[in-house]
Amino acid sequence: MSSIDEALSDELENWRQAGLLRTLRTLDHTSGTRATIGTRELLNFSSNDYLGLARHPELQEAATRALQQHGVGSTASRLVSGTTLPHKELESAIAAWKGTPAALTFSSGHAAAMGTLAAILTPDDIVILDKRSHACCIDGARLSNARLRVFPHNDLNRLESLLKWSDAQQGKRRPRVLVVTESVFSMDGDRAPLNELVALKERYGAWLLLDEAHATGLFGASRSGLAAAHQLTDRIEIHLGTLSKSLGCSGGYIAGSQTLIDFLVNRARSFIYSTAPPPSIAAAAAKAVEIVQSDEGRLRCEQTWANAHRLDRWLAGHPLASSPTPPPTTQKQVPQSGAREPASAIFTWITGSESATLSAAEHLLEHGILCPAIRHPSVPRGAARLRLTVTAGHSPADMTQLEAALESSIKGSLQDPSHHA
Ligand SMILES: *Cc1c(COP(=O)(O)O)cnc(C)c1O
């Protein structure tokens, strides 16, 4: 065995024994909400294609046209010679849609977060993150070498203590203080208390980076996110989003002031030292931004919410006995005329132990549902879960099949004492 394999294989074995080993699963065939693995026909309840745009013919057409016009690769970084018309059109479209003066696209949302945080913050600065922030924001904050503080999930009292502490810090210059959170949290599907959070950071003169990866496409009059839905766009300094979820493409973006964008063009290393995303993807994403704002986008969004309401009601009637923590359906929600409201299109069944989640996922797979187990380090140890996402593409029959599979999975887990470990 080579020395590198020797050094690494022990760790792999440890992860396997702890139920934490991850492997890639290849889908032999996909078509919207359907996927085939081997001979198994599955319904996909794990994609982030909330509006079902990833296979939209108009996106494919826009990509094909740009592919023929500009070729496959963009051949250079954006600052050298990789900026084409589709890139510029996409950035103008994002800025207009988000309601900000400017926008900049990156090869992924992950790259956008890393590049932006590391560019804006220096070791003299302070970054304060919600405990459940996405890995890309945590990594970007670390990379910046700014002083990093974390507040418990959505705990504004603790955030205020940290802002007070920040206010008292002295340095060569007044430190920049940046708060980082998500509008819809990726692994829990709950929301940040945005109105209160924005008022709080303003009281202390701090800035906010808001990650709208899972809110884009689902909130606001033109479906640009939760900030717009709350009319907070102008009071948030940095809007982070991805083209890879509701927009059905690939890539990430930052929206904000022209000065912010000019600064990132000069300083964001993940933007500067990386080949420009393919023009075909930029063209498809621009088409997606157009469709999201149209009547069709509204109808797709309504369909997603109809499915979210249905699953939310179903879960409310089926308390998941094996959940050590309440399922998300009992989390803080925005009540509307007394009716319950799902917080997002993300639902979780927190089984706790890694093994319980793995067998629940396997059970669902046997019943034709693709919904992989989410485990540490994506979520804390002991909070392993099934994460279900509904999209505009799921039909009423699909939802019925999901409910039947969940029902039988819950029964199975109640009968198997190992799940309570
Ligand atoms: C998916 C995701 C990202 C990263 O976006 P990519 O375009 O997939 O790199 C960032 N933040 C959150 C909350 C996400 O869920």
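The values are calculated or read from the model by the stated rules, or taken from the named source; none is laboratory data. Given the structure is predicted, the values throughout are model-derived calculations rather than measurements. Here the Cβ is made from the backbone with ideal geometry for all residues, glycine too, and neighbour counts use every protein chain on show.
A few notes on this one:
- Residues being of a type in the set (S, T, N, Q), away from the ligand (no atom under 16 Å from the Cβ) and surrounded by 15 or more Cβ atoms within 10 Å (Cβ to Cβ) are entirely absent from segment 123-139.
- Counted residues, segment 239-262 - those being more than 13 Å from the ligand (Cβ to nearest atom) and either in contact with a helix residue (DSSP H, G or I) (Cβ under 7 Å, 6 or more places away or on another chain) or within 22 Å of A345 (Cβ to Cβ) (or both): 1
- Residue that is within 23 Å of L200 (Cα to Cα) and either part of a helix (DSSP H, G or I) or not hydrophobic (A, V, I, L, M, F, W, C) (or both), where the choices are L148, L143, L129, L163: L163
- Number of residues in segment 156-205 that are within 21 Å of L226 (Cβ to Cβ), out of contact with any strand residue (DSSP E or B) (no Cβ under 6 Å at 6 or more places or on another chain) and among the aliphatic types (A, V, I, L, M): the value is 7.
- Every pair of residues 6+ apart whose Cβ atoms lie under 7 Å, when the first sits in segment 346-358 and is more than 13 Å from A18 (Cβ to Cβ) while the second is of a type in the set (G, A, S) and assigned to a strand (DSSP E or B): T351/A384; G352/A384
- The requirement of being crowded, with 20+ Cβ neighbours inside 10 Å, within 13 Å of the ligand (Cβ to nearest atom), of a type in the set (V, I, T) and not in a strand (DSSP E or B) is fulfilled somewhere in segment 111-120, by at least one residue.
- Pairs, first on the phi > 0 side of the Ramachandran plot in segment 26-48, second more than 16 Å from the ligand (Cβ to nearest atom), C-beta under 6 Å, six or more apart: G32/R55; G32/G393
Per-residue answers, yes or no, for (1) modelled with pLDDT of 95 or more; (2) farther than 24 Å from A384 by Cα:
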position: M1; (1), (2): no, yes
position: E6; (1), (2): no, yes
position: D10; (1), (2): no, no
position: T23; (1), (2): no, no
position: T26; (1), (2): no, no
position: G32; (1), (2): no, yes
position: E41; (1), (2): no, yes
position: N48; (1), (2): yes, no
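- Segment 210-237, subset under 21 Å from M114 (Cα atoms) and over 16 Å from the mean Cα position of the chain (by Cα), residue nearest to the ligand (Cβ to nearest atom): I236
- Which listed residue is more than 30 Å from P278 (Cβ to Cβ), more than 16 Å from the ligand (Cβ to nearest atom) and crowded, with 23+ Cβ neighbours inside 10 Å, from A168, A146: A146
- Evaluation of D155 against (1) within 12 Å of the ligand (Cβ to nearest atom); (2) out of contact with any Leu (no Cβ under 8 Å at 6 or more places or on another chain); (3) acidic (D, E) (one fails), failing number: (1)
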